[in-house]
Amino acid sequence: MALALNKEKASRGFLIFIFIKPGGFMDQSKGILTQDVKRKLIAKRDGFFRKIGNQGIALTYDDVRLTTGYSEVLPDNINVESKFSKNVGLKIPIVSAAMDTVTEAEMAIEIAKLGGIGIIHKNLSAQEQAAQVARVKYHLNGFIDKPICFEENVSIGEILAYKKEREFNFHSFLIIDSNHHLVGVLTKNDFDFCEDHSLKAKQVMTKKLITADPGTGLREAYRLMKEGKKKALPLVDKDGKVAGLYTFSDVKRILFGDSKSFNIDRDGRLRVGAAIGVYDDAFERVEKLVSEKVDLVIIDTAHGDSKGVLETLKLLKKRYDIDVLAGNISEPESAQRLCRAGADGLKVGQGPGSICTTRIIAGIGKPQVSAIYECSKVAAKFGVPVCADGGLKFSGDIPIAIGAGAHSVMMGNMLAGTKESPGEFRFHQGVQYKVYRGMGSLGAMESNKGSRERYNQGKNDLVPEGMEGMVPYKGPLREVIHQYIGGLRRGMGYVGAGNIEELRTIAQFVRITEAGKAESHPHDIIITREAPNYQKQV
Ligand code: IMP
């Protein structure tokens, strides 16, 4: 924005500044984002990155800020819904990283309840990983297409032990006879009032049931259960076999409760993804993950533009009807190859991670904002969403990643250290910390094949690409996400973007210097009260 001095008035003793808007974008000041305005804004941003790129320079979060623009949007009215992959949506554009100190079922459940999605890591056997996915999918049982059934002669004690072992938090189990015909239901009341756990299911179960036909919808199920005053509605096919189950509390919560902001699938279950390797590892995992209704899988490697990833991707897309994402990459040519091979989403980031030493020990990689911009430009031509993975430090990095073209951000460090992350607690100089380590760290690779495969390494003579450490305890995820999304909304308000697509379209960048960066952080003050959204970097 140019600043001009009105000389005539100045000579008469007035100093008047006139703001001259850059030509061509005036419509935006009327709140109209016409196609023409959008095109001009996109061209302007392309020009910024082209100029930088032509000098052989690539930028990252701390190198840039977004410029403010005319705005009619209020942060609270902004829509932050986005996409993680072609067919999997997000209510908030935040994904929890597939790392063993970040995402297992507890994190995945909570982040999906907050509108994002968690990716279960692969430092678990295929069996254990699928069980983690099952815990998420069974957490909110809108419609359960494969309800857990027990034979009528199984004891209450055995059922309770199974429930405890798999950490299921629900209490409705269907009871079948030896011909697999439904004969009863065990609900919370049956367990609560049963004092003798050696009794068989058939001696305790409720036999008076209401059932419905396969295909019964959520609302009809709710009506039937309400009318029949039943907490469970089994669906039974014409042969008397179980074809699904609805439970009252979950159906009610989904239809009327606070779950409007949950990220759920078509059947009302929380969404969750899982990381996989290449070839045999991928096929073994996917088979089990698909049977637990995982929403998507990510071929999770340090070098996504490689033969193994491309071949695995093509084979998976041929064999399974499921979204397959691939990564990580940082070059536009890599994005093109993966999109052509059928990727439903890309993960961009080679070396930005807080625990990552890849750029230092291997000398490769590209600063993250330029990598996001360049890969997103190509992916957009294929309609493939991009996730900006790693390197975020503050909430303000989220609008920057999206402004550069990403649809979502994946966080490790910013979510590690929350109540829901799987890391152990540590106390250091009176402060509470949680363990956070790279999947390519010595510890992770020594103990897990999944980590070694991510970095394409054998069992011996490991060359780590990550570090092990700890991060301050951050408290419940809900509070942390509130601040991150609050920051994103504020950023969008300043830019004038009412939704994620607009932010991806109209965001404009300015490069900042070290002095600009120092000016951006609090300075010349002794901080006397911590803010919930600003911590000095450790
Ligand atoms: P952060 O959010 O900056 O901590 O970065 C997390 C991201 O770093 C993950 O989602 C991975 O893509 C990546 N990553 C995880 N472990 C390692 C590692 O050991 N070396 C390099 N990158 C890693």
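The values are calculated or read from the model by the stated rules, or taken from the named source; none is laboratory data. Everything numeric here is computed off the predicted structure, so don't read it as measured data. Here Cβ is always computed from backbone atoms with ideal geometry, including for glycine, and neighbour counts include all displayed protein chains. Surface accessibility is based on the protein's heavy atoms, side chains included, excluding ligands, DNA and RNA. Shrake-Rupley method; radii C 1.70, N 1.55, O 1.52, S 1.80 Å.
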Some residue of the stretch 253-264 being touching a Lys or Arg at 6+ places or on another chain (Cβ under 6 Å), in contact (Cβ under 8 Å) with a residue 40 or more places away in the chain, within 23 Å of Lys113 (Cβ to Cβ) and not polar (S, T, N, Q): yes
Which listed residue, of Val297, Val309, Val236, Val242, is within 16 Å of the ligand (Cβ to nearest atom) and touching a His at 6+ places or on another chain (Cβ under 9 Å): Val309
Whichever residue in the stretch 408-447 is among the aromatic types (Phe, Trp, Tyr) and touching a residue at least 12 places away in the same chain (Cβ under 8 Å) and, among such residues, is surrounded by the fewest Cβ atoms within 10 Å (Cβ to Cβ): Phe425
The stretch 502-519, residues that are open to solvent by less than 100 Å² (accessible area, probe 1.4 Å) and farther than 21 Å from Phe48 by Cα: Ala518
Output for the stretch 57-82, where each listed residue is at pLDDT 95 or above, under 24 Å from Lys517 (Cβ atoms) and open to solvent by less than 50 Å² (accessible area, probe 1.4 Å): Ala58, Leu59, Thr60, Tyr61, Asp62, Asp63, Val64, Leu66
Answer from Asn123, Asn141 - the residue that is buried (at least 19 other Cβ atoms within 10 Å of the Cβ) and modelled with pLDDT under 90: Asn141
Enumerated helices (runs of 4 or more DSSP H) restricted to the stretch 418-537, each holding at least 2 residues that are within 30 Å of Ser125 (Cα to Cα), at pLDDT below 90 and within 16 Å of the ligand (Cβ to nearest atom): 442-447, 449-454
Checking Ile111 against (1) open to solvent by 10 Å² or more (accessible area, probe 1.4 Å); (2) over 14 Å from Val297 (Cβ atoms); (3) assigned by TED's automatic domain parsing to the domain that holds Ile398, the condition it does not meet: (1)
Filter pass, Val272 being open to solvent by less than 60 Å² (accessible area, probe 1.4 Å), in contact (Cβ under 8 Å) with a residue 12 or more places away in the chain and in the same structural domain as Ser85 (by TED's automatic domain parsing): yes
Residue list for the stretch 175-195, filter: of a type in the set (D, E, K, R) and more than 15 Å from Asn153 (Cβ to Cβ): Lys188, Asp190, Asp192, Glu195
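So that you can scan it fast, the table gives a plain yes or no per residue for (1) closer than 21 Å to Asp63 by Cβ; (2) under 27 Å from the mean Cα position of the chain (by Cα):
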site	(1), (2)
Ser441	no, yes
Pro472	no, yes
Glu479	no, yes
His482	no, yes
Leu488	yes, yes
Gly493	no, yes
Ala515	yes, no
Lys536	yes, yes
Filter result for Lys307 (free of Cβ contacts under 8 Å to residues at least 24 places away in the same chain, of a type in the set (D, E, K, R) and surrounded by fewer than 20 Cβ atoms within 10 Å (Cβ to Cβ)): yes
Matching residues in the stretch 97-140 - criterion: being farther than 23 Å from Phe283 by Cα and either within 16 Å of the ligand (Cβ to nearest atom) or among the aliphatic types (A, V, I, L, M) (or both): Thr101, Val102, Met107, Ile109, Ile111, Ala112, Leu114, Gly116, Leu140
Test set (1) modelled with pLDDT of 95 or more; (2) more than 20 Å from Leu59 (Cβ to Cβ); (3) open to solvent by 50 Å² or more (accessible area, probe 1.4 Å) - Ala380 fails condition number: (2)
Looking only at the stretch 330-359, and only at residues there that are within 18 Å of the chain's Cα centre (by Cα) and away from the ligand (no atom under 11 Å from the Cβ), the one that is surrounded by the fewest Cβ atoms within 10 Å (Cβ to Cβ): Asp344
